[in-house]
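For reference, the structure discussed in these notes is given below.
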Amino acid sequence: MPFSKHPSLIIRQADPFNAGPPPDLLSRDEITPADLFFVRNHGNVPALDPAVYRLRVGGLVARPLELSLEDLRRDFAEHTVAATLQCAGNRRMELLSVREIPGEVPWDLEAISHGVWTGVRLSDVLARAGIAAGAAHVAFTGLDEVERRGRRFGFGASIPLDKALGPEALLAYEMNGAPLPAIHGAPLRLVVPGYIGARSVKWLGEIVIQDAPSDNYFQSVAYRLFPPEADAATARDEDGRMLGELFTSAAICAPLTGETRPAGPTVVRGYAVGQGGAAVDRVEVSADDGRTWTEATLLGEAEPWGWRLWEAEVELRPGLQTLVARAADAAGHGQPAGLAETWNFKGYMNNAWHRVAVVGIIKT
Ligand code: MTE
């Protein structure tokens, strides 16, 4: 397995490398071990020498900065934030049962992981540069190289200034208490808890404070959400909604579709997240396609910006049946029931109730 990743990783694309853990390992630990943490790349993994690395900060600032890793460690307070990263394309595979989605990575439920990130606050670095009048967005560019529409450029994103000033937005050089691995953005990456993973720019090279969102392809064209009826051939980029906050969602990691289990009481396990990082309030599981629901036990402790692993015991009938999971968060957000409501031609943000078809068997 490349990049010292776990040999069980499911590879969705070899080059660029896109992979995630199998559901049983994904839901095993509250903190996803680094070798199991999902990987989403659009281009190469740049080899960056930490000794010569510099982060540039400019745009609408009083003082443009050029910071080495040593400057960051020496001049700013260190902070640690536990945060779940989830790709906007997580659970795209289910949407493919509605209609095809050409040209996008067919993630099942593994484009999500929970990490503990250590670094300096983005807000502290912005304050050092001095935020000038007119600032409304903060743009980020990675040092990787991506090719789109015949042009080569670094992956980029932006977030609203308010979000950038939150204590949770981190410039991270450590993951799970160890140096950040190259595949996850070393020597420095942005972590934007509660937002789609695409905003957490890896191999961060430049921060620019500006009056408008980034014009980088991955902010201005990709990662926009269109309604189910929009058509790829006719939709205009600007009509899609620029994605930011993640949606409330729950997924079943065990049993898996096609699995056979003895009829009777059976344990269902999975993960759930709240909108924009809100706490998960409740997860429910149905063994009769949504007619009746059993409340799941939320495992571990509620953490801001973190997912919640859960388990529930339901009664499996003999024969083929569908198990369904749904979550609600503390801010009152729930999930749409069906894939017809969440389908869109880019396959983003599928948070329909999660269904798995399983077979109960009677032991003789
Ligand atoms: N940053 C750069 N420079 N290049 C990328 O391709 N992918 C983004 C984001 N940051 C990406 C990036 C996407 S879409 C996601 S979901 C997360 O990184 C995934 O982070 P991970 O690979 O550490 O899990």
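The values are calculated or read from the model by the stated rules, or taken from the named source; none is laboratory data. Only a predicted model underlies this, so the values are computations on that prediction, with no experimental measurement involved. Counting neighbours? That spans all protein chains shown, and the Cβs are built from the backbone with ideal geometry, glycine included.
Condition check for Arg128 on (1) outside any loop (DSSP other than H, G, I, E, B); (2) touching a helix residue (DSSP H, G or I) at 6+ places or on another chain (Cβ under 9 Å); (3) within 11 Å of the ligand (Cβ to nearest atom): one failure, at (3). Within the stretch 67-107, restricting attention to residues that are within 16 Å of the ligand (Cβ to nearest atom) and more than 30 Å from Asp231 (Cβ to Cβ), the residue that is surrounded by the most Cβ atoms within 10 Å (Cβ to Cβ) is Leu85. Note on the stretch 262-296: residues that are outside any strand (DSSP E or B), in contact with a Ser or Thr (Cβ under 8 Å, 6 or more places away or on another chain) and farther than 29 Å from Gly197 by Cβ total 4.
Considering only residues in the stretch 297-340 that are outside any strand (DSSP E or B) and touching a Pro at 6+ places or on another chain (Cβ under 7 Å), the one that is surrounded by the fewest Cβ atoms within 10 Å (Cβ to Cβ) turns out to be Ala340. A single entry from Val120, Val192, Val116 fulfils the requirement of being within 15 Å of the ligand (Cβ to nearest atom) and either more than 17 Å from the chain's Cα centre (by Cα) or surrounded by fewer than 21 Cβ atoms within 10 Å (Cβ to Cβ) (or both): Val116. Here is the figure for the stretch 17-53: residues that are in a loop (DSSP other than H, G, I, E, B) and either of a type in the set (Gly, Ala, Ser) or over 27 Å from Leu309 (Cα atoms) (or both) total 14.
Of all the criteria given as (1) within 16 Å of the ligand (Cβ to nearest atom); (2) under 24 Å from the mean Cα position of the chain (by Cα), the one not satisfied by Arg56 is (2).
Criterion applied to Val81, Val61 was being over 23 Å from the mean Cα position of the chain (by Cα), closer than 22 Å to Val192 by Cβ and not aromatic (Phe, Trp, Tyr), and the one residue passing it is Val61.
Within the stretch 185-240, the set of residues being more than 17 Å from Cys87 (Cα to Cα) and touching a Ser or Thr at 6+ places or on another chain (Cβ under 6 Å) comprises Gly205, Glu206, Pro213, Ser214. Condition (residue is within 14 Å of Asp144 (Cα to Cα) and surrounded by fewer than 17 Cβ atoms within 10 Å (Cβ to Cβ)) applied to the stretch 8-22: is it met by at least one residue? Within the stretch 8-22, one or more residues are within 14 Å of Asp144 (Cα to Cα) and surrounded by fewer than 17 Cβ atoms within 10 Å (Cβ to Cβ).
The condition of being in a strand (DSSP E or B) and farther than 30 Å from Ala302 by Cα holds for only one of Arg99, Arg74, Arg56, that being Arg56.
Selection of the stretch 44-53 for residues being within 14 Å of the ligand (Cβ to nearest atom) and either without any contact (Cβ under 8 Å) to a residue 24 or more places away in the chain or surrounded by fewer than 19 Cβ atoms within 10 Å (Cβ to Cβ) (or both) yields Asn44, Pro46, Ala47, Leu48.
Only residues that are outside any loop (DSSP other than H, G, I, E, B) and either buried (at least 23 other Cβ atoms within 10 Å of the Cβ) or in contact with a strand residue (DSSP E or B) (Cβ under 9 Å, 6 or more places away or on another chain) (or both) were counted across the stretch 150-189, and they come to 20. Pairing residues of the stretch 336-363 that are within 18 Å of Arg99 (Cα to Cα) and among the basic types (Lys, Arg) with residues that are crowded, with 16+ Cβ neighbours inside 10 Å and at pLDDT below 95, at Cβ distances under 8 Å and at least 6 apart in sequence or on separate chains, gives no pairs at all. For the stretch 253-274, the set of residues classified as within 16 Å of Pro336 (Cα to Cα) and touching a residue at least 60 places away in the same chain (Cβ under 8 Å) consists of Val273 only. All told, Glu206 meets the bar of being among the charged types (D, E, K, R), under 27 Å from Ser68 (Cβ atoms), in contact (Cβ under 8 Å) with a residue 40 or more places away in the chain and within 14 Å of the ligand (Cβ to nearest atom). Checking the stated criteria, Thr292 turns out to be under 21 Å from Leu256 (Cα atoms), in contact with a strand residue (DSSP E or B) (Cβ under 7 Å, 6 or more places away or on another chain) and without any contact (Cβ under 8 Å) to a residue 12 or more places away in the chain.
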